[in-house]
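Notes follow once the structure below has been shown.
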Amino acid sequence: SPESYVFLGWIHERLGQTKDAAGAYQKAVERRPRDLGATRALAALREREGRTGEALRILREAAIANPTTVQPLVWMAQAHGRAGDRAATIAAYREGLQREPGNALVLNNLAVILGGEPATRDEALALAERAYRQAPGNPAIADTLGWILYQQGKLDRAASLLERALRFAPRNPDILYHAGTIWARQGRRDQARRAFEQALATKDFPEAESARRALEALR
């Protein structure tokens, strides 16, 4: 069965036998072309091997074979993002929204990318608002909306959203860093300092250097 081949491929990968793993995953895909588990496993393996173009081709074929689901397009967007192709990442997420206009994950992820540039920040805000309406209890989505609002100078609502996000995910370093940044701007120095310290206590925090500089500025 396809499931057996996927499991066999997983075993081969753990043993470092990437060629055999790829063969097992390929057999799973051949037996059930619409199987997203097998497709994802094969594409992920190719990407880890540095064969990003092939991984993207596999995911595009899966997107064509599964025209009503957004998942292969999300994986494509993520692969493009890891490759540093911002335009292709945005295009894949936009295609995903054509399939599922109310998908909170896609709305949120596209808002994150577009929010990084002033020229597209208004659109990012509209997308983040839509995502928040779909999933107000999701801390990552509240964080995205709050951070975009902060970038537009709307501190009060931004702080409220980040505080809400922290109630659901009190140890998330990204949310702590964003909350600390907003609190510092509001003059809430003690809260900001604690947030930065907690964020820096997390290993492999991508914004660690920025958080460290922000903390130093409060001392």
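The values are calculated or read from the model by the stated rules, or taken from the named source; none is laboratory data. What you see is a predicted model; the values in this text were computed from it and never measured. Note that each Cβ is placed from the backbone with ideal geometry, even for glycine, and that neighbours are counted across all protein chains shown. Note: accessible area is taken over every heavy atom of the protein model, side chains too, but ligands, DNA and RNA are not part of it. Shrake-Rupley method; radii C 1.70, N 1.55, O 1.52, S 1.80 Å.
Quick look at the numbers
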quantity	calculated
Separation of the residue 209 and residue 7 label points, Cα + 7 Å toward Cβ, nm	4.6
Cβ-based net charge around residue 49, under 14 Å, with every Lys or Arg adding one and every Asp or Glu removing one	+2
Table column - 3J(HN,Hα) (Hz), the range 41-54, Karplus curve with 6.51, -1.76, 1.60, x for Gly and Pro	4, 5, 5, 5, 4, 4, 5, 5, 7, x, 9, 4, x, 5
Computed over the range 5-98, the ratio Rg/Rh where both radii use C-alpha atoms and Rh is Kirkwood	0.99
Within the chain, helix-based [θ] at 222 nm, where runs of 4 or more DSSP H residues each add -39,500 (n - 2.57), nearest 500	-24000 deg cm²/dmol
Accessible-area ranking of 112, 70, largest first, probe 1.4 Å	112, 70
Descending semi-axes in Å of the chain, equivalent ellipsoid built from Cα gyration tensor	38, 21, 14
Candidate aspartates and glutamates - alpha carbon under 17 Å from residue 27, same-chain residues fewer than 8 apart omitted	3, 13, 35, 54, 61
Tail beyond 19 Å, pair distance distribution of the range 79-181 (Cα, percent)	41
Along principal axes, Cα extents of the range 130-183, largest first, whole Å	25, 24, 13
For the range 65-119, diffusion coefficient by Stokes-Einstein and Kirkwood Rh (Cα), 37 °C, 0.692 mPa s, µm²/s	295
Percentage, to the nearest whole number, of Cα pairs in the range 154-219 over 20 Å apart	18
Proximal aspartates and glutamates to residue 203, defined as alpha-carbon separation beneath 16 angstrom and excluding residues fewer than eight positions away on the same chain	174
Inter-centroid distance (Cα atoms) of the range 188-219 relative to the range 33-49, Å	38
Part-to-part distance (alpha-carbon centres) for the range 77-123 and the range 126-140, which is given in Å	14
